[in-house]
1. So in the range 207-236, with the set limited to residues that are under 21 Å from the mean Cα position of the chain (by Cα) and within 16 Å of Phe121 (Cβ to Cβ), which one is surrounded by the most Cβ atoms within 10 Å (Cβ to Cβ)?
2. Of everything in the range 39-63 that's within 20 Å of Leu201 (Cα to Cα) and aliphatic (A, V, I, L, M), which residue is surrounded by the fewest Cβ atoms within 10 Å (Cβ to Cβ)?
3. Go through the range 17-120 and tell me which helices (runs of 4 or more DSSP H), entirely inside it, have 3 or more residues that are among the polar types (S, T, N, Q).
4. Residues in the range 195-206: is at least one under 17 Å from Val146 (Cβ atoms) and hydrophobic (A, V, I, L, M, F, W, C)?
5. I need every pair where a residue in the range 137-161 that is of a type in the set (Val, Ile, Thr) has its Cβ under 7 Å from the Cβ of a residue that is surrounded by fewer than 16 Cβ atoms within 10 Å (Cβ to Cβ) and at pLDDT below 90, sequence separation at least 6 or different chains.
6. Scan the range 87-94 and tell me whether some residue there is modelled with pLDDT under 90, more than 24 Å from Met218 (Cβ to Cβ) and buried (at least 20 other Cβ atoms within 10 Å of the Cβ).
7. For the range 159-175, enumerate the residues that are part of a helix (DSSP H, G or I), closer than 22 Å to Ile75 by Cα and either modelled with pLDDT of 90 or more or not acidic (Asp, Glu) (or both).
8. Cβ-Cβ below 6 Å, separation at least six or inter-chain, first residue in the range 19-43 and within 16 Å of Ser73 (Cβ to Cβ), second part of a helix (DSSP H, G or I) and of a type in the set (D, E, K, R): which pairs?
Amino acid sequence: MWEALSLPFFQRVLIAGLLASVACGVIGSYVVSKRIASLTGGLSHAAFGGVGLGYWAGLSPLIGAAGFGLVASMIIGMAHRKVRSGLDILIAMVWSVGMALGIIFIALTPGYVPDLMSYLFGSLLFVSWADVGLVAIVDVIILSAVFLFHPLFETICFDEEYAEASGMPAGPTLLTLLGLASLAIVTLLRVVGVILAIALLTMPAATARRWVGTLPAMMVLSVGLCAASIAGGLFLSYGISGAWGLSIPPGPLIILIATITYVSSIALPHRRHAETNGNTLRA
């Protein structure tokens, strides 16, 4: 199995996966702490509309997904701030409309019709160096934003009402956080696809939360768990193909590894932490 590291295409996809784990682990920690997995679930499926738009407009599907995801994040974020009730209906609408538009745009695209399964369940084995570069750029954007605005993000995650009462820009901060979440989801399109993106965005972070007491530590551990799941899924997919000749895509295997890790963490004794003003994680 280790001979896979000598293959140029495997090196490329492994680098892409490890880079994606950075965005996934960092933003996933905010998502889990804020408990907005349902919101980001809508974003992950809405991004498929951008994939179709990218094909139709002759752009990179990942660039189309990033633009579409940012627009969807603004819509969902403003609704979350103003509507509060009935938000699940809006999320379902954004979810389904994004998927529908993606299929329509792809159907309208002349010439070669892309394989929808590659974006629904991931296509790491076909990732290009251009995709790797785009994922790296997204990582830089996310890490820069976290470096500059982490105190605001942390306060919003743990006590949004306190942030508002203190005069903090709670609304713009939440919109920025959701925008970063949409960019993180874009990095996962090639890894596990839009269907499974929300699982990889949340499960490593949820596992990390059970073992550490601060948000920065949760981010570091979440990145490590995400990277381990991605690397494990890639090696397992390659090993199964070589040993038994079965073609199993790495995306579902990555999710299964992340799920097993999370379930195992539930069965093991772990540290519990009292909830404070954002300095310590919820138990």
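1. Looking at the filtered set, the residue picked out is Ile230.
2. This residue is Ile63.
3. Once the helices (runs of 4 or more DSSP H) in the range 17-120 are filtered for at least 3 residues that are among the polar types (S, T, N, Q), what remains is 37-57.
4. Yes, the range 195-206 contains a residue that is under 17 Å from Val146 (Cβ atoms) and hydrophobic (A, V, I, L, M, F, W, C).
5. As it stands, the answer is Thr155/Tyr162, since those pairs meet every condition given.
6. Within the range 87-94 (the criterion being modelled with pLDDT under 90, more than 24 Å from Met218 (Cβ to Cβ) and buried (at least 20 other Cβ atoms within 10 Å of the Cβ)), the answer is yes, since at least one residue qualifies.
7. Within the range 159-175, Ala163, Ala170, Gly171, Pro172, Thr173, Leu174, Leu175 meet the criteria.
8. Cβ pairs passing all conditions: Ala23/Asp139.
The values are calculated or read from the model by the stated rules, or taken from the named source; none is laboratory data. Since this is a predicted model, take the numbers as computed values, not measurements. When we count neighbours, we look across all protein chains shown, and the Cβ atoms used for this are built from the backbone with ideal geometry, even at glycine.
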